[in-house]
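Notes follow the structure.
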Amino acid sequence: MKVAHIVCVFPPYKGGMGNSALCYAREMAERAHDITVFTPAYRQAGNGTETSNYQFKVRHIRPLFSIGNAAVLPQLIFALKGYDVLHLHYPFYGSAFFVWLHAKLNPRTRLVVHYHMDSLSPGFKGFVFKFLQKMIWPLVFKRSDLVTAASLDYVANSQIKDYYSDQPEKFKEIPFGVDLERFLPHEHQLPATKRVIFVGGLDRAHYFKGLPVLFEALALIKDKIDLRLTIIGSGDLLDEYRERARFLGIEDLIDFVGKLSDTDMAECYRQSDLFVLPSINQGEAFGMVLLEAMASGLPVIATNLPGVRKVFTPGDQGLLAEPGNVPDLAEKISAILSDNEQWLNYAHNARKLAEEKYAWSRIAKSLEVAYNGKEL
């Protein structure tokens, strides 16, 4: 089967959408499908095919123009010719129209749309997102053969909830997976100094990750629990976050380690004791980092948001906190890091859930069914 993935960002850019596209493409290539990823050449000199170490092709296409990650790629109308399946990772406002147009002109081509998340932003940018959503999504949805999502709970509370309500049979839940061989637990008891870890972009596009909420929660409990916070990630808000930490008096408790290699990131998870995802709104739709943390045997704390709240079971692998509620998040962190027996139970259950539900081999089978349009 010849499959094209169309996605607005792709590694080495760090982000859940690009990483999931990479994993989908890799798993399908390993199952002997002919896979090509089409993505904007934001920094490349021009068009071309990059094979790198992948078992599939990556086509970097120079945008006609781009605003942030919204690259306009009219070349897709012709570049997608000959593919059996188009897998559009949505939102991709600059180019979703051209994918739709190609699919409209080629009715035998199967169009699978993965709805990653709502596009949320304050101010004028948010207004533009809403306008584009109203213009583009109805076209894409009508032509699509199937809409997949990591969580139907998220979809049922999202900007496309009415479409889901009207045609639920057109939607299929396919969660993301995790590399169980790269992310491995490190057996240990809770140490005297507990290590909390946060992984996420520190740029304005990822403002919804809620890092300031985590800072304020740590400031509340810093005199009660001996802990440190490791922050993996980089971006244009780094200096603001450093200043915020200084203002709260917790700068000496935080290690900003920047971007890490895959190997170093996995080791950083293993050396930690608790993972926290303090996202504040539905810009967070799932949280692949939760899977990496659980595969590494870490208890997790996430916020009670649609999609995110279904990744694990509160009370089994960790706890849920209310979005933006600093005292609640502080209480949940204290509860887990103050009870060694419960911490061990969460850690064991986290790895078990990752193995039973989020192995990529299991996810790949569901994806193959989505591409074929029928059970194999």
Which is among the basic types (Lys, Arg) and at pLDDT 95 or above, of Lys130, Lys125, Lys161?
Lys161
(1) in contact (Cβ under 8 Å) with a residue 60 or more places away in the chain; (2) more than 22 Å from the chain's Cα centre (by Cα); (3) crowded, with 20+ Cβ neighbours inside 10 Å: which one isn't true of Ala245, the others all being true?
(1)
Given the residues Pro185, Pro175, which is the only one that is in a loop (DSSP other than H, G, I, E, B), touching a residue at least 60 places away in the same chain (Cβ under 8 Å) and within 17 Å of the chain's Cα centre (by Cα)?
Pro175
Suppose we filter the range 57-91 for residues that are buried (at least 20 other Cβ atoms within 10 Å of the Cβ), aromatic (Phe, Trp, Tyr) and farther than 30 Å from Lys130 by Cβ; how many remain?
1
For the range 122-132, check the following and say yes or no: at least one residue is out of contact with any Ser or Thr (no Cβ under 9 Å at 6 or more places or on another chain) and crowded, with 16+ Cβ neighbours inside 10 Å.
no
Considering only residues that are β-branched (Val, Ile, Thr) and not in a strand (DSSP E or B), look in the range 221-234 and name the one that is farthest from Leu337 (Cα to Cα).
Ile221
Given the conditions (1) buried (at least 19 other Cβ atoms within 10 Å of the Cβ); (2) of a type outside the set (Ser, Thr, Tyr); (3) out of contact with any helix residue (DSSP H, G or I) (no Cβ under 9 Å at 6 or more places or on another chain), and given that Glu341 satisfies all but one, which numbered condition is not satisfied?
(1)
In the list Asp118, Asp166, which residue meets the criterion of being assigned by TED's automatic domain parsing to the domain that holds Gly82, among the acidic types (Asp, Glu) and at pLDDT 95 or above?
Asp166
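The values are calculated or read from the model by the stated rules, or taken from the named source; none is laboratory data. Note that the coordinates shown come from a computational prediction; the quantities given were computed from them, not determined experimentally. When we count neighbours, we look across all protein chains shown, and the Cβ atoms used for this are built from the backbone with ideal geometry, even at glycine.
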